[in-house]
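Nothing in this text is a laboratory measurement; each read-out follows from the coordinates by a stated rule. Here the structure is a predicted model, which means the values were calculated and not measured. As a convention, Cβ positions derive from the backbone with ideal geometry for all residues, glycine included, and neighbour counts pool all protein chains shown.
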Amino acid sequence: MDYKSLINTSELPGHVAIIMDGNGRWAKEHNKPRIFGHKNGVLSVRSVVEGAGEIGLKYLTLYAFSTENWNRPKVEVTALMQLLVATISKEVSTLNKNNVRLLTIGDIESLPGNCEKELEKAKEKTKNNTGLNLVLALSYSSKTEIVNTVKAIAKDVSEAKIGLDEINDTLIDDYLETATIQDPELLIRTSGEYRISNFLLWQIAYSELYFTDKLWPDFTKDDLFEAIVNYQKRERRFGMTSEQLTN
Ligand code: IPE
Ligand code: IPE
Ligand code: MG
């Protein structure tokens, strides 16, 4: 099915976020070590980023490594970090060619020094690009992000920079790491798991959720297009009635 041609480009979601899951199971299915799955997962990232650029998506956030993922076996964590460095340094010229700006959320400073350096370099090199904003969530925990936000707000209140009455939805948005990024309209999770795993809890309050059984390394831009077509068929009511929306 040619899902791309079915997309209504005048009503694209402004931000799609993806929980890329299933690399390990994919490797197991191929009788290979888990890192083989992660390596093939990079090909899916490439395809999806390309697809996002093709349709003119503004924001794509990819959950690449959670705070909880630090608890995996050391060999896997090390291999993932190496893969991250290698991928970023290899792909940065392609990102520039495709006018993609790289951003990150998460505790980047907790990554190995060379990862952090490579990421900062790539962000700097792509900062003037005006096409797709590719946001990598790395060492990311939504609860930690919220804790940090609460602390920062409390500090500014205690220093009388803001008043208690000024605290509202929008102010909280502005203190989050995602301050400059609109909330995702669509959240995709692969691999048949139906959970959020500490990802963008505040930001997905009204996101449309899309779950697919496909394991991440099998996911391509066509699957992204299919998810967007599915999203565009939904009625987003935001608490109202269907009649209110159509009148
Ligand atoms: C997602 O795939 C990649 C990361 C979380 C880094 P997994 O590695 O979680 O794959 P499964 O869930 O074990 O199949
Ligand atoms: C979520 O996947 C994190 C990323 C995709 C980076 P996990 O595989 O770590 O999630 P759980 O442990 O199954 O919830
Ligand atoms: Mg997983």
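Observations, loosely collected:
- In straight-distance terms, cross-link reach from Lys125 covers every one of the lysines whose alpha-carbon lies under 26 Å from its own, apart from those fewer than eight places away in the same chain; here that gives Lys39, Lys58, Lys90, Lys97, Lys117, Lys221.
- FRET efficiency, Lys155 to Asn96 (Cβ-Cβ, R0 41 Å, nearest 0.05): 0.65
- Helices assigned as whole DSSP H runs in the chain whose Cα atoms extend at least 18 Å along their own long axis and whose mean Kyte-Doolittle hydropathy is -1.0 or higher are found at 34-55, 74-97, 142-158.
- Length released on extending from Ser89 to Ile108, taking residue separation times 0.36 nm less the Cα-Cα span: 5.2 nm
- Net +/- balance of residues flanking Val92 in space, Cβ distance below 11 Å, scoring K and R +1, D and E -1: +2
- Mean residue ellipticity, 222 nm, helices only, the chain: the sum of -39500 (n - 2.57) across DSSP H runs of n ≥ 4, divided by residue count and rounded to 500, is -14000 deg cm²/dmol.
- Extended-chain gain in nm, criterion 0.36 nm per residue less alpha-carbon gap, Met81 and Leu43: 12.1 nm
- When all alpha carbon pairs of the chain are counted in 5 Å bins from zero, the resulting P(r) reads 1, 6, 12, 16, 19, 17, 13, 8, 5, 2, 1, 0 %.
- Each Lys or Arg adds one and each Asp or Glu takes one away; over the other residues whose Cβ falls under 11 Å from the Cβ of Val42, this sums to +2.
- For the pair Glu193 and Ala205, the difference between a 0.36 nm per residue extended length and the Cα-Cα distance amounts to 2.4 nm.
- Charging the Cβ of each Asp and Glu at -1 and of each Lys and Arg at +1, and nothing else, the dipole of the stretch 2-59 about its Cα centre rounds to 400 debye.
- The C-alpha radius of gyration of the stretch 79-130, expressed as a fraction of 2.2 N^0.38 Å, stands at 1.09.
- Pairwise centroid distance, computed over Cα atoms, of the stretch 98-151 with the stretch 32-86, Å: 13
- Asn128 versus His30: modelled label distance in nm, points set 7 Å from Cα along the beta carbon direction: 3.9
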